[in-house]
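Undergrad: Below is the structure I would like to discuss, written out as structure tokens.
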Amino acid sequence: MRSRRKRFLCFSPSRSNPSIERMLSGLRPPSASHVKRQASLRSQVVPSILYKYTTHATAGAIIESGRLRWSSPNLFNDLAEFQRMPRFEPSLTEATSKLPTILVEAATGQRTLDHDRLSPQTQLLIQLVQMLLQAGITASDIIESLQNDQPDADQKMDEMLRAHMASLDLARARVLCLTSDPENEVMWGTYADSHAGCALGFTHIPELSTPLQEARQVQYTEQAPVVGSGIDFLLYGDTSELRARTHQAICYTKKVPWSYEKEWRVVTWRWEERDSDVGHYKFYPKELVSVTFGARASADGISQIRRLLGANYPHVTLFRIVQKGEHLQRIKDDA
């Protein structure tokens, strides 16, 4: 019976485990110019306009070239970008200790599982338990034999996820970072040249399949995000929902101190771009819908941006930030 236990044990945190292999392969990003997610997995409504805070010089370059800079997370000011690996709750360590009892309860009808979703390994284990019970072996003996505590299971999973992300070469990742808030005082001070720069407003255009359709909101958490139950992972293996949650956790979560950014981002990979950590990609003129000038923007700078908008962006609405006591207010610029 011990040999059977070794043969049929359903979880081992190594690359030979097919559920883990599929989960990792599901994290491999597409090589298309922007991410195309399954509509059934979308749960967020993208704001109609997202904003890019920039210096005056960068705003001019973006408008003149019609290109936006997408950067590798290796260049971000948050060193933890793409380094927060998700976790299970209950943990894999807890789940491996509970699994034998769950299998026996399922085999004897004391616990209801979704049999259509059970992994092939789990189905084999339940069949084995039923055979052993029919052979007269007690439930307690089966549970004892199947016990295989793995106190380092979660650590090994973490190491595997980190190794997988490293294998994807983050220098080839391309991320467009924006925000939903055009009146963010800290963002104006940090990313817009101490209020002398601009905030460019971009919209997504469904009929043109523009990248902002695929923007996802960054979540801010104190601890690494939970992507599911360790027990469910052992029972049901890899699922498309788990892959989506794992991708979300790694690429779209940050620590709470960064929450002031109210960030939305689009993530893709450009494998062919070997000589740079950034890419400058064209956008449709219609995607740029507004320009907001900072409270300290100079008259000459505003005039220059107006000239650059010229014939290509006649539809763009102009705003400016004014200071009202201790607060900032965004108003339409009718000058």
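Coordinate-derived values only; no laboratory data. All values reported here derive from a predicted model rather than from experimental measurement. Using ideal geometry, Cβ is built from the backbone for each residue, glycine included, and neighbour counts are taken over all protein chains shown.
Undergrad: Among 277, 152, rank each residue by its count of other Cβ atoms within 10 Å, from fewest to most, as a rough exposure measure. Before the final figure, lay out each step's value.
TA: On the way: 277 15, 152 12.
With the sparsest Cβ surroundings first, the list reads 152, 277.
Undergrad: Sequence-distant or interchain residues sharing an amide H contact under 5 Å with residue 78, placed H: which?
TA: Amide H neighbours of residue 78: none.
Undergrad: For a quick check: sort 75, 128 by the number of other beta carbons within 10 angstrom, fewest at the front.
TA: Numbers: 75 13, 128 19.
Lowest count first: 75, 128.
Undergrad: For the range 106-161 and the range 266-335, write down the distance between their C-alpha centroids in whole Å.
TA: For the range 106-161 versus the range 266-335, the Cα centre distance is 57 Å.
Undergrad: What full-extension length gain, to one decimal in nm, is calculated for residue 307 and residue 171 as 0.36 nm per residue of separation minus the Cα-Cα distance? Show your work: numbers first, answer last.
TA: Numbers: separation 136, 0.36 × 136 = 48.96 nm, distance 3.57 nm.
Value of the extension gain: 45.4 nm.
Undergrad: Output wanted: per-residue J couplings in Hz (rounded whole) for the range 111-127, from phi through Karplus 6.51 cos²θ - 1.76 cosθ + 1.60, θ = phi - 60°, x for Gly and Pro.
TA: 9, 9, 10, 7, 5, 5, 9, 4, 5, x, 4, 5, 4, 5, 5, 5, 4
Undergrad: What span do the alpha-carbon atoms of the chain cover on each of the three principal axes, reported in whole Å from largest to smallest?
TA: 89, 44, 32
Undergrad: More than 15 angstrom separation, counting every C-alpha pair in the range 280-335; what % is that?
TA: Values: 819 of 1540 pairs.
Result: 53 percent of Cα pairs exceed 15 Å.
Undergrad: Considering Cα pairs under 8 angstrom that are at least six residues apart, work out the relative contact order of the chain and quote it in whole percent.
TA: Working: 541 pairs, mean separation 106.2, N = 335.
Answer for the chain is 32 percent.
Undergrad: How would the range 241-335 be classified by its alpha-carbon gyration tensor: rounded, prolate or oblate, with rounded meaning a/c under 1.5 and the a/b versus b/c comparison settling the rest?
TA: Working: a/c = 2.58, a/b = 1.50, b/c = 1.72.
The shape class here is oblate.
Undergrad: If I model a spin label at residue 44 and residue 115 as a point 7 Å from the Cα along the Cα→Cβ vector, what separation in nanometres do I get?
TA: For the pair residue 44/residue 115, the computed spacing is 4.0 nm.
Undergrad: Using modelled backbone amide H atoms (1.01 Å from N, in-plane), which distant-in-sequence or interchain residues come within less than 5 Å of residue 228's amide H?
TA: 89
Undergrad: Please list the equivalent ellipsoid semi-axes of the range 48-122, computed as the square roots of five times the alpha-carbon gyration tensor eigenvalues, in descending order and whole angstrom.
TA: 53, 16, 10
Undergrad: With unit charges on the beta carbon (Lys/Arg positive, Asp/Glu negative), name the residue among 228, 281, 125 whose Cα is farthest towards the positive pole of the charge dipole of the chain.
TA: Going by the charge dipole, the pick is 281.
Undergrad: A further question on this structure: In the chain, with Lys and Arg counted as +1 and Asp and Glu as -1 at Cβ, which of these residues, 310, 134, 170, has the Cα nearest the positive end of the dipole, that is, farthest along it?
TA: 310
Undergrad: Just check the range 104-158 against the gyration tensor rule for me: Cα atoms, a ≥ b ≥ c as the square roots of the eigenvalues, rounded for a/c under 1.5, and otherwise prolate or oblate depending on whether a/b exceeds b/c. Each step should come with its number before you reach the end.
TA: Details: a/c = 2.44, a/b = 1.39, b/c = 1.76.
Oblate shape, in that a/c is at least 1.5 and b/c is the bigger or equal ratio.
Undergrad: Let me ask something else. Can you list the aspartates and glutamates whose alpha carbon is less than 15 Å from that of residue 156, not counting same-chain residues fewer than 8 positions off?
TA: 21, 94
Undergrad: Rounding to the nearest 20 debye, state how big the charge dipole of the chain is about its Cα centre with +1 on each Lys and Arg Cβ and -1 on each Asp and Glu Cβ.
TA: Working: 41 positive and 38 negative charges, 133 e Å.
It comes to approximately 640 debye.
Undergrad: Also, I was wondering about something else. Taking a 22 Å limit on the Cα-Cα distance, which of the listed pairs 52/332; 286/324; 255/282; 52/286; 255/286; 282/332 fall beyond it?
TA: On the way: 52/332 18 Å; 286/324 32 Å; 255/282 31 Å; 52/286 16 Å; 255/286 34 Å; 282/332 27 Å.
Over 22 Å Cα-Cα: 286/324; 255/282; 255/286; 282/332.
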